[in-house]
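Before any comments, here is the structure.
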Amino acid sequence: LNTRLSGVEVGRDDQGNVYYRSKKGDRRWVVFAGDVEASRTPPEWHMWLHRQSATPPSETPLPTKAWEKPWQPNPTGSLEAHAPSGSLHASGVRARATGDYEAWRPE
């Protein structure tokens, strides 16, 4: 309700998130499309939300670098999280130590 009454849409990103500012211009916020996950905010919109940029990316987009990769969700804490070999989440069984390791024993 607050968004409709006191907000002005500034732009949208490629994920469908909608960015607003107050009519006075003193507040900025985002309405997420789907899951509310802060890491889903692209860097250029993050800069605008945190007042590191005066103009929104919809007016002056940042130049895209050749080495930049497209956004991917952060899988930490989910079933898609990386589980290296030897971790309990990968197979449930730790690999035996190799010959270069000797356990400490008190004397």
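The values are calculated or read from the model by the stated rules, or taken from the named source; none is laboratory data. All of these numbers come straight from a predicted model, not from anything done at the bench. Don't worry about glycine lacking a Cβ; one is built from the backbone with ideal geometry, like all the others, and counts go over all protein chains shown. Side chains included, ligands, DNA and RNA excluded: accessible areas come from the protein's heavy atoms. Shrake-Rupley method; radii C 1.70, N 1.55, O 1.52, S 1.80 Å.
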Point to revise | Filtered residues of region 24-78 (kept if touching a helix residue (DSSP H, G or I) at 6+ places or on another chain (Cβ under 9 Å) and among the basic types (K, R)) | key: K24, R27, R28
Check your understanding: If you go through region 53-71 one residue at a time, how many are open to solvent by 60 Å² or more (accessible area, probe 1.4 Å) and either under 16 Å from Y20 (Cα atoms) or in contact with a Ser or Thr (Cβ under 9 Å, 6 or more places away or on another chain) (or both)?
Key -> 6
Check your understanding: Can you name the condition, by its number, that P61 falls short on among (1) within 14 Å of the chain's Cα centre (by Cα); (2) at pLDDT 85 or above; (3) in a loop (DSSP other than H, G, I, E, B)?
Key -> (1)
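Listed here are the residues, each with its yes/no results for (1) open to solvent by 80 Å² or more (accessible area, probe 1.4 Å); (2) assigned to a loop (DSSP other than H, G, I, E, B); (3) modelled with pLDDT of 85 or more; (4) hydroxyl-bearing (S, T, Y).
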| site | (1), (2), (3), (4) |
| --- | --- |
| A81 | no, yes, yes, no |
| A90 | no, yes, no, no |
| A95 | no, yes, no, no |
| D100 | yes, yes, no, no |
| R105 | yes, yes, yes, no |
**Study point:** Subset of region 38-53 (residues that are assigned to a loop (DSSP other than H, G, I, E, B), closer than 19 Å to N74 by Cα and either at pLDDT 90 or above or among the β-branched types (V, I, T) (or both))
**Key:** T41
Check your understanding: Hey, among the residues in region 29-39 that are open to solvent by 50 Å² or more (accessible area, probe 1.4 Å) and without any contact (Cβ under 8 Å) to a residue 24 or more places away in the chain, which one's nearest to the chain's Cα centre (by Cα)?
Key -> A38
Point to revise | Members of region 11-28 found to be surrounded by 14 or more Cβ atoms within 10 Å (Cβ to Cβ) and farther than 16 Å from W71 by Cα, listed by number | key: G11, V18, Y19, Y20, R21, S22, R28
